[in-house]
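We did not get these values from a lab; they are worked out from the coordinates using the rules stated. The shown structure was predicted, so the numbers you read here are calculated from the model rather than taken from an experiment. Ideal geometry is used to build each Cβ from the backbone, glycine not excepted, and the neighbour counts take in all protein chains shown.
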Amino acid sequence: MSENPFFESWATPFGVPPFDRIRPEHFAPAFDRGMNEQIAEIAAITASAAPPRFANTIEALERSGRLLDRVSRVFFNLDSSNTNDALEAIARDYAPKLSQHQMRIALDPALFARIAALHGRRGEMGLDPDQLRLIERYYLRFVRSGAMLTSEQKARMAEISARLATLHTLFGQNVLHDERGWHLLLDREDLDGLPDFARGAAAQAAREREAGGRYAVTLARSAVEPFLTFAARRDLRQAVWQAWTARGAHEGEHDNSPLIREIFALRAEQAQLLGYENFADFRLDDTMAKTPAAVERLLLQVWGPAKEKACSEKAALEATARAAGLNEPIEPWDWRFYAEKVRQAQYDVDEAEVKPYFVLDNMVRAAFDTAGRLFGLTFHERQDVPVYHPDVRVWEVRDKAGDHVGLFLHDNFTRPSKQSGAWSSRYRDQENLDGPVSPIVVNNNNFAKGEPTLLSFDDAKTLFHEFGHGLHTLLSRVRYRSQSGTAVRRDFVEFPSQIFEHWASAPENLRIYARHFQTGEPMPEALLQRLLAARNLNQGFATVEYTAAALIDLDLHRKSAVDALDPVQFEREFVERMGVPNEIGLRHRLPHFQHLFAGGGYAAGYYSYLWAEVLDADGFAAFTEAGDVFAPELATRLKDIYSAGDTRDPMELYCAFRGREPVITALLEQRGLAPPL
Ligand SMILES: [Zn+2]
């Protein structure tokens, strides 16, 4: 019988997981042994006769669960990026077991007694600032998991957590099931209006589905958005839109509505057990925002102006549609199509004209070089590192002195085995408790593969966004693993990623990296100026779409009544009450709102993007005010934020960079929502 690679140390370059040797049957035994090892490690901490000290309790906790961490990282990354039936079955099986395991530790009375004792005299132990913060975080995490509840309540907390883990997993799998199960097979004559890149991607998708010679529109966002933007056939746009918004909402085995009801009720119950009125109160208590009221204030500050702007955008679309002979109201499947026509007419910018200048490889180079100019990093491709899919490329990251910083894996293309969307994740976190450990980062995108792969301007910004998260992981310089890189509060974690997006649209970069894929010529300056001028176009639509999603998330999780929630009715009432324009609709309908229900991380937290945007708009304004988007002193101070991880309070970090607290002006301006002076 072959050895289980999780039980060996890895002799691969940089200790990357030996993907070529890992098989699905290795996970269950590795999870089991990993959990048992950690339980034994915890038992050793609590059984110690020595009084609790930072080293024998907190640092011992930091050292625990190494095997479990290693197998979990590999498993959950593969399950997101390249899943199959075997991995999905393991996910269903182990999600509740892992949750029970974590709760068993979080609710261990002897362990909490030691942490609480240390927390009580944290000021008298001569701790360093990062250690002090670590102890506070540990204490809070245990309390918020239920460490101070009665044993009966604790048992219920553990039960709820395990059930939620199962429900989250099923929710995500149902969405993926609906995405995989649908595509629209078309012939050449159905493709009127579609530019070459979209035709190429549809031809490729058809080949992958054994329908070579025809064209397939799938439910990947990178396929749906261009189709809705360009396809002249209104009936086909409608079909795609309806399939897209029906994900997770089909009656039967894969219907997500019953899951939403149960998830909501369990979250509300958990919050009440912990003494909060509702889940939003509980969740926001441990964020920068602190309260639902603070979040609502921000969201409503943009909601009104955004609706007004969308309303004037709609008038322009209608005029264009009338002129083109459409005598019916604009529907959600029309908005992008006519917005594109308006964009072409008002700014003379045609997405099909822009896209040939956004070659994937050049944009990757732009992101790397920006990280080089700002933070001194260099990227060196490695062919000798095992990968889990042939599309994955690997780069070694080095600093100015040429020293190894970490490993960056880039997984850019859409495929049926990959979750939709874009995200950054890690196979290993940076830490320096028992010697330096370097990070291994992965960035996932869902770009349609082409020859070469061409991006939209938005795609390029997404690429930079995820790379910003990647840099947050790579530049981390902390001692403790639980404070590493992106382990910050949820409404701060989008700051390093969103501020990095600004360099994707910096003219200084576009002039160098936006080059035509055939001629190699840089984008003509006039086109570049028109592209940038068109940025505020359709921002009413985008802001309404996003803000509605954040508001419905907040509303839902502010409900304290545990009476049965009917997601469909709730959605309908929300849309009416808030006056969500019908022709825009909801960006994420509840049955496929994965941020909220495929995991707990962004529940009552979807607002985080806008919260962080206040910071990123205000933060980037520092560079434009300095007249240099690569201003070295600012870059050095910004790097401190990326390096600090969770060792310091986020507002304190921001103020150290900016010299003051953030203001909302730059955000309103950047979205074209600022009232005229
Ligand atoms: Zn992000």
> Among rounded, prolate and oblate, which fits segment 236-353 when a ≥ b ≥ c are the square roots of the eigenvalues of its C-alpha gyration tensor, a/c under 1.5 means rounded, and a/b larger than b/c means prolate?
Replying inline: oblate
> Å³ per residue of the Cα convex hull, for segment 471-564?
Replying inline: 191 Å³
> For the chain, how big is the tail of P(r) above 48 Å, as a whole percent of Cα pairs?
Replying inline: 13 percent
> Which shape class applies to segment 565-677: rounded if a/c is under 1.5, otherwise prolate when a/b exceeds b/c and oblate if not, where a ≥ b ≥ c are the square roots of the Cα gyration tensor eigenvalues?
Replying inline: oblate
> What does the convex hull of the alpha-carbon atoms of segment 1-112 project to on average, in nm²?
Replying inline: 8.4 nm²
> How high is the FRET efficiency from Arg21 to Asn327, r the C-beta distance, R0 51 Å, rounded to 0.05?
Replying inline: 0.20
> Using just the C-alpha positions of segment 375-508 as equal point scatterers, what log10 of I(q)/I(0) does the Debye formula give at each q in 0.18, 0.19, 0.20 1/Å?
Replying inline: -1.11, -1.22, -1.32
> Amide H of Arg382: which non-local residues (sequence gap of 5 or more, or other chain) have their own amide H closer than 5 Å, using H built in the peptide plane?
Replying inline: Val394, Trp395, Glu396
> Between segment 459-525 and segment 259-275, how many Å separate their Cα centres?
Replying inline: 36 Å
> Which ³J(HN,Hα) values, rounded to whole Hz and listed in residue order, are derived for segment 32-47 from phi using the Karplus coefficients 6.51, -1.76 and 1.60 in 6.51 cos²θ - 1.76 cosθ + 1.60 with θ = phi - 60°, glycine and proline given as x?
Replying inline: 4, 5, x, 5, 4, 4, 5, 4, 5, 5, 5, 4, 5, 5, 6, 7
> By average Cβ neighbour count within 10 Å, what is the ranking of 379-390, 276-287 from highest down?
Replying inline: 276-287, 379-390
> Between segment 125-145 and segment 398-452, what's the alpha-carbon centroid distance in Å?
Replying inline: 29 Å
> So which of Lys97/Lys154; Lys97/Lys559; Lys418/Lys461; Lys97/Lys418; Lys418/Lys449; Lys309/Lys355 end up more than 18 Å apart by C-alpha?
Replying inline: Lys97/Lys559; Lys418/Lys461; Lys97/Lys418; Lys309/Lys355
>> Please enumerate, by chain and number, the aspartates and glutamates with C-alpha under 17 Å from the C-alpha of Lys314, excluding those fewer than 8 residues away in the same chain.
In response: Glu328, Glu331, Asp334, Glu340, Glu545, Glu583
> Considering amide H positions built from the backbone, and no H for Pro or chain starts, which residues 5 or more places from Ala216, or on another chain, come under 5 Å of its amide H?
Replying inline: Leu186, Ala203, Ala205, Ala206
> Which whole-Hz ³J(HN,Hα) couplings does segment 270-276 yield from phi under the Karplus relation 6.51 cos²θ - 1.76 cosθ + 1.60, θ = phi - 60°, glycine and proline marked x?
Replying inline: 4, 4, 5, 4, 8, x, 9
> What's the center-to-center distance, using Cα atoms, between segment 37-61 and segment 600-632 in Å?
Replying inline: 40 Å
>> Helix-only estimate, please: 222 nm mean residue ellipticity of the chain, summing -39500 (n - 2.57) across DSSP H runs of length 4 or more and dividing by its residues, to the nearest 500.
In response: -18000 deg cm²/dmol
> Can you give the angle from 0 to 90° between the axis of helix 608-626 and the longest principal axis of the chain, with both taken from C-alpha atoms, to the nearest 10?
Replying inline: 70 degrees
>> Just to be sure I understand the model, the point goes 7 Å from the Cα along the line to the Cβ. What's the resulting Asp434 to Arg209 distance in nm?
In response: 5.1 nm
>> Highest mean first, how do 645-655, 358-368 rank when packing is the count of other Cβ atoms within 10 Å averaged over residues?
In response: 358-368, 645-655
> In degrees, nearest 10, range 0 to 90: what is the angle between the Cα axis of helix 196-208 and the longest Cα principal axis of the chain?
Replying inline: 60 degrees
>> Just to confirm the number: angle between the C-alpha axis of helix 632-644 and the first principal axis of the chain, 0 to 90 degrees, nearest 10?
In response: 50 degrees
>> When a/c reaches 1.5 or more, the comparison of a/b and b/c decides; with that in mind, is segment 81-160 rounded, prolate or oblate per its Cα gyration tensor?
In response: oblate
>> Whole-Hz ³J(HN,Hα) for each residue in segment 396-406, computed from phi via Karplus 6.51 cos²θ - 1.76 cosθ + 1.60 with θ = phi - 60°, x for glycine and proline: what do you get?
In response: 8, 9, 10, 8, 4, 7, x, 7, 5, 9, x
> What is the packing order of peptides 407-420, 600-613, taking the mean over residues of other C-beta atoms within 10 Å and listing the highest first?
Replying inline: 600-613, 407-420
>> Rounded to the nearest 5, what % of DSSP beta bridges with both residues in the chain are antiparallel?
In response: 80 percent
